[in-house]
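As structure tokens, the structure follows; a few thoughts come after it.
The values are calculated or read from the model by the stated rules, or taken from the named source; none is laboratory data. Everything quoted here is computed from the prediction, not taken from an experiment. Virtual Cβ from ideal backbone geometry, glycine too; neighbours counted across all protein chains shown.
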């Protein structure tokens, strides 16, 4: 089975708390199996663990000190999401979309060498928006929207409803 | 031409500064024409105006005091994005996707009456992720990915590139 890992560069626990939490939730929801931070943040790991307990799945968040080594040694496709990159639709036919992937998501500035270290620099639109939406759309395209049918288990299950909130407890 | 307005509820200028900025950039990038806040935030309006100056388009951010009246009086489809809602794929065939839309995006908690005031409560996945990604995927689906080919003009244009950054100045 394909494993997709999200490498989140440059996370600053105080300033990026909410954005990185959203990046992690998007990674989990749209089919990545883990996220790796380059700054230790136990509080964030705890928050995501809680969501995974409630809503299921095996998604984990961890921390690496030497991300360059991690990326260099990674066996699989290395993809850097950046608004300066090639359009996904232009690059997709040259990418093996079935293989394991490491998807690198920076915050405001990334080290220039990242453009060289990555197999592909991919833009989800060459306009400023958000690493949260870029990751969501990238994973949506790569997995062909499989997230919509996924059932991750977990203690809680939201039942789609036209009005109000329907949440089932399981087990 | 179809006009899509994003109504952002419950924005707190300090706490939600970055998330609401990302919501606005996503709205702009993926085809909405404006965003309306329910809390005045001149700094945020200024940041988005700057992006629109550089990257083009007519996207505006404004502020309304009585959002209930605004939503009630709106002539068009009222859509509330929530993880408790119907799946977009299940509801899409009952929605007029060509008409003007007001897309309501809450922050953590929204007033329960919103579920009744909206024509549709739509979930982009019944799992927690982010209003940023939910809005991006919703607009992507509604506009059939038209954002990818859009040229909004502006002073700067990023040219898709396999490596590094290519930015053209225009005019």
Check: Just for strands (runs of 3 or more DSSP E) wholly inside the stretch B:1-72: which have at least 3 residues that are closer than 20 Å to residue B:121 by Cβ and in contact with a strand residue (DSSP E or B) (Cβ under 8 Å, 6 or more places away or on another chain)?
Finding: B:4-8
Notebook entry, point to check: Counting only residues that are surrounded by 24 or more Cβ atoms within 10 Å (Cβ to Cβ) and out of contact with any helix residue (DSSP H, G or I) (no Cβ under 9 Å at 6 or more places or on another chain), how many does the stretch B:34-47 have?
Noted result: 0
Note to self: Given the criteria within 25 Å of residue A:37 (Cβ to Cβ), more than 8 Å from chain B (Cβ to nearest Cβ), surrounded by fewer than 16 Cβ atoms within 10 Å (Cβ to Cβ) and at pLDDT 95 or above, does residue A:77 qualify?
What the structure shows: no
Check: Out of the stretch B:73-92, which residues are within 13 Å of residue B:103 (Cα to Cα) and assigned to a strand (DSSP E or B)?
Finding: B:77, B:78, B:79, B:80, B:81, B:82
Next item on the list: Test residue A:106 against the criterion of being at pLDDT 95 or above, touching a strand residue (DSSP E or B) at 6+ places or on another chain (Cβ under 9 Å) and surrounded by fewer than 20 Cβ atoms within 10 Å (Cβ to Cβ), and give yes or no.
Entry: no
Margin query: Going by what's in this entry, would residue A:4 be described as surrounded by 15 or more Cβ atoms within 10 Å (Cβ to Cβ), in contact (Cβ under 8 Å) with a residue 12 or more places away in the chain, within 30 Å of residue A:168 (Cα to Cα) and in contact with a helix residue (DSSP H, G or I) (Cβ under 6 Å, 6 or more places away or on another chain)?
Written below: no
Next item on the list: Determine, yes or no, whether residue B:99 is assigned to a loop (DSSP other than H, G, I, E, B) and within 30 Å of residue A:116 (Cα to Cα).
Entry: no
Notebook entry, point to check: Would it be correct to say that residue A:136 is within 30 Å of residue B:109 (Cβ to Cβ) and buried (at least 23 other Cβ atoms within 10 Å of the Cβ)?
Noted result: yes
Next item on the list: Mind listing just one residue for me: the one in the stretch B:106-124 that is facing chain A (nearest Cβ under 7 Å) and part of a strand (DSSP E or B) and, of those, farthest from residue B:7 (Cα to Cα)?
Entry: B:123
Next item on the list: Filter the stretch A:125-171 for residues that are in contact with a strand residue (DSSP E or B) (Cβ under 8 Å, 6 or more places away or on another chain), more than 7 Å from chain B (Cβ to nearest Cβ) and assigned to a helix (DSSP H, G or I) and give the result.
Entry: A:131, A:134, A:135, A:138, A:139, A:142
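Here is a yes/no grid of residues against (1) touching a helix residue (DSSP H, G or I) at 6+ places or on another chain (Cβ under 8 Å); (2) farther than 23 Å from residue B:54 by Cα; (3) touching a residue at least 24 places away in the same chain (Cβ under 8 Å):
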{"residue": "A:70", "(1), (2), (3)": "no, yes, yes"}
{"residue": "A:80", "(1), (2), (3)": "yes, yes, yes"}
{"residue": "A:152", "(1), (2), (3)": "yes, yes, yes"}
{"residue": "A:169", "(1), (2), (3)": "no, yes, no"}
Notebook entry, point to check: Is one or more of the residues making up the stretch B:12-33 away from chain A (no Cβ under 12 Å) and surrounded by 19 or more Cβ atoms within 10 Å (Cβ to Cβ)?
Noted result: no
